[in-house]
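So the structure is just underneath, and the comments pick up after that.
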Amino acid sequence: MTFVRVCALGELEEDTPKRVELDGTPVALVRTEGEVFAVNDICSHANVSLSEGEVDDCTIECWLHGSRFDLRTGKPSGLPATRPVPVYPVQIQGDDVLVSVTQES
């Protein structure tokens with residue numbers, strides 16, 4: 001996997017999603033419960049940015065239809081979404097947040 005620096009840890013407010021783009025992939029970064037998570041920023045139900053939704057109890061909510069996705073697994077916890085969103089590995093190095101959206105063969 002190739003990790004890319006996306007921001008400083010201090011730029012992430014607790015429970016406030018931040019949208020970044022890595023190699024053309026939209027990613028929602030969330031700092032919550034002492035960890036940083038990265039999920040694909042597009043809801044699997046509709047073409048809507050998850051980073052515009054709310055974070056609660058390690059989930060992110062799609063603001064349009066209310067589906068919630070687990071930030072650890074990407075799995076939806078309620079309708080209308082039935083498919084998970086991709087999750088990406090995160091590393092913290094000092095004050096840098098690094099994310100990988102690619103896998104090496």
query = Limited to region 68-86, what total is found for residues that are assigned to a loop (DSSP other than H, G, I, E, B), modelled with pLDDT of 95 or more and open to solvent by less than 20 Å² (accessible area, probe 1.4 Å)?
reply = 3
remark   = Cβ pairs under 6 Å, 6+ apart or interchain, first in region 16-45 and within 15 Å of residue 91 (Cβ to Cβ), second open to solvent by 70 Å² or more (accessible area, probe 1.4 Å), ordered by first then second residue, are 31/14
task = Answer yes or no as to whether residue 91 is open to solvent by 20 Å² or more (accessible area, probe 1.4 Å), modelled with pLDDT of 95 or more and either closer than 18 Å to residue 22 by Cα or not in a loop (DSSP other than H, G, I, E, B) (or both).
result = yes
message = Here's a check for you: in region 1-25, which residue that is part of a strand (DSSP E or B) and hydrophobic (A, V, I, L, M, F, W, C) is most open to solvent (accessible area, probe 1.4 Å)?
response = 4
ask   = Within region 26-45, can you find the residues that are out of contact with any Ser or Thr (no Cβ under 9 Å at 6 or more places or on another chain) and surrounded by fewer than 19 Cβ atoms within 10 Å (Cβ to Cβ)?
value = 33, 34, 35
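The values are calculated or read from the model by the stated rules, or taken from the named source; none is laboratory data. What you see is a predicted model, and the numbers here were worked out from it, not measured in a lab. Using ideal geometry, Cβ is built from the backbone for each residue, glycine included, and neighbour counts are taken over all protein chains shown. Please note that ligands, DNA and RNA were not included when accessible areas were found on the heavy atoms of the full protein model with its side chains. Shrake-Rupley method; radii C 1.70, N 1.55, O 1.52, S 1.80 Å.
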